[in-house]
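See below for the structure under consideration.
Each value in this text was obtained by applying a stated rule to the coordinates, not by laboratory testing. Keep in mind that this is a model prediction, so the values were computed, not measured. Cβ placement follows ideal geometry from the backbone for every residue including glycine, while neighbour counts extend to all protein chains displayed.
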Amino acid sequence: MIARVVLVVVLVVGGVGRAAAQACDEARDARIRAQIERERRAARTWNVGFGAFYLVTAGAQAGFAAAEWAPLLEIDDDKVVSLWVGAGKSTIGLVSKLILPLETPRPAVIADACASLAEAERALAELGRNQQKSFWLNALGGFAVNLGGAVIIQLETDNWTETATSFGIGIAVSVVTNFTQPRTTWRRGELPGPTVTVAPLVAPGATGLAVAGSF
């Protein structure tokens, strides 16, 4: 009898195969929850840290503008306008941290292993969406606020140097704020990508390979 070579290919679309392979994986559940907790601590530090930064810079610039004095700066009317605008921009930054903080979902604790893993994966996906939304809101909002501030300074002072300086500093602060935001889950996540498993297949009168994958 001639042995037949058989190739069996099983493709599972939509993550069904992956879900079955990972069902009730308590170790994976623990990894996801640990990642979410790390991201929670990082988000709290980022929210509080930059909230405090914007509070201090808003107060300092408003104080310098009102006193028409600042260390290491020559204060003229144009600089006073720039300081008031800077105080306004910092206040907007502070308010944004108070009303639109980076939020980290807290997955519920569930006794059933399968339900617990599903809840952890749901929270991880929500965290990634929150990080993405926060990043783009801060990027677009920061640009809009700094552009608006530049327009006000230019209209009030007709001083391109003062306008460019304020805009440049504001954009630099916005970039630093944005790129220090925790975004590991959004960029990388913990959910696996496509998987392929190959195993030998031996049956009476036939040999070959079984290929299974999830996409």
Q: Give the residue from 88, 146, 111 lying farthest towards the positive end of the charge dipole for the stretch 27-190; charges sit on Cβ (+1 for Lys and Arg, -1 for Asp and Glu) and the dipole is referred to the Cα centre.
A: 111
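Can you give the charge dipole size of the stretch 27-190 about its Cα centre, rounded to the nearest 20 debye, using +1 on the beta carbon of Lys and Arg and -1 on the beta carbon of Asp and Glu? Let's see the in-between values first.
Numbers: 17 positive and 17 negative charges, 226 e Å.
The calculated dipole for the stretch 27-190 is roughly 1080 debye.
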Q: Go through 161, 47, 36 and say which Cα lies farthest out towards the positive end of the charge dipole of the stretch 27-190; charges sit on Cβ, +1 for Lys and Arg, -1 for Asp and Glu.
A: 36
Q.
Can you tell me which lysines have their Cα less than 25 Å from the Cα of residue 133? Leave out same-chain residues fewer than eight positions away.
A. 89, 97
Q. Over the alpha carbons of the stretch 27-190, what is the largest minus smallest coordinate on each principal axis, giving the biggest first in Å?
A. 68, 23, 22
Q) If the cut-off is a Cα-Cα distance under 20 Å, which aspartates and glutamates reach residue 79, setting aside same-chain residues fewer than 8 apart in sequence? A) 68, 156, 158, 162
